[in-house]
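The values are calculated or read from the model by the stated rules, or taken from the named source; none is laboratory data. Keep in mind it's a predicted model, so treat the numbers as computed, not measured. Cβ atoms come from the backbone with ideal geometry, glycine included; neighbour counts cover every protein chain shown.
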Amino acid sequence: MRMLVLGVIAAASLAGAAQAASSEGAMLVLKAPPAKAELILEGAMWRCTGTVCKAPAVKAMPAVRSCRKVVAELGAISAFTWRGEALDAAGVEECNTAAKP
């Protein structure tokens with residue numbers, strides 16, 4: 001019984017750690033594949049596969065500001081999530097328009 005309780009506690013701890021990691025990362029979907037598959041920006045390592053790019057850990061800053069910086073480097077996006085906050089369609093459009101290469 002004791003082993004069962006310890007197993008449940010360990011599983012809950014791992015699930016919490018996985019949730020914390022995903023809330024510290026970022027993900028975006030580009031409108032076209034990027035010229036480079038990897039990019040370090042603002043200390044975050046972005047890795048792209050096709051049009052989907054992910055960074056496991058990013059700085060705590062406003063999502064719209066971060067979006068502009070990433071779009072300036074990688075190109076226009078169709079979706080953007082930063083530390084668990086997803087931009088809506090208006091936010092994505094604003095980001096694409098405001099980003100300066």
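The set of residues from the stretch 51-75 being out of contact with any Asp or Glu (no Cβ under 8 Å at 6 or more places or on another chain) and at pLDDT 95 or above comprises T51, V52, C53, K54, A55. Return the residues of the stretch 56-101 that are β-branched (V, I, T), under 18 Å from A32 (Cβ atoms) and surrounded by 14 or more Cβ atoms within 10 Å (Cβ to Cβ); say none if nothing qualifies. Matches in the stretch 56-101: V70, V71, I77, V92. Condition check: touching a residue at least 24 places away in the same chain (Cβ under 8 Å) and more than 15 Å from G25 (Cα to Cα). Does A37 satisfy that? Here the answer is no, as A37 does not meet what is asked.
For the stretch 16-40, the set of residues classified as of a type in the set (A, V, I, L, M) and modelled with pLDDT of 80 or more consists of A26, M27, L28, V29, L30, A32, A35, A37, L39, I40, listed by residue number.
Restricting the first member to the stretch 90-101 and to residues that are within 15 Å of L30 (Cα to Cα), and the second to residues that are of a type in the set (F, W, Y), the beta-carbon pairs closer than 7 Å and six or more apart or on different chains are V92/F80; C95/F80. Among residues of the stretch 46-61 that are of a type in the set (S, T, N, Q), those with a Cβ under 6 angstrom from a residue that is part of a loop (DSSP other than H, G, I, E, B), sequence gap 6+ or separate chain, pair up as T51/P33.
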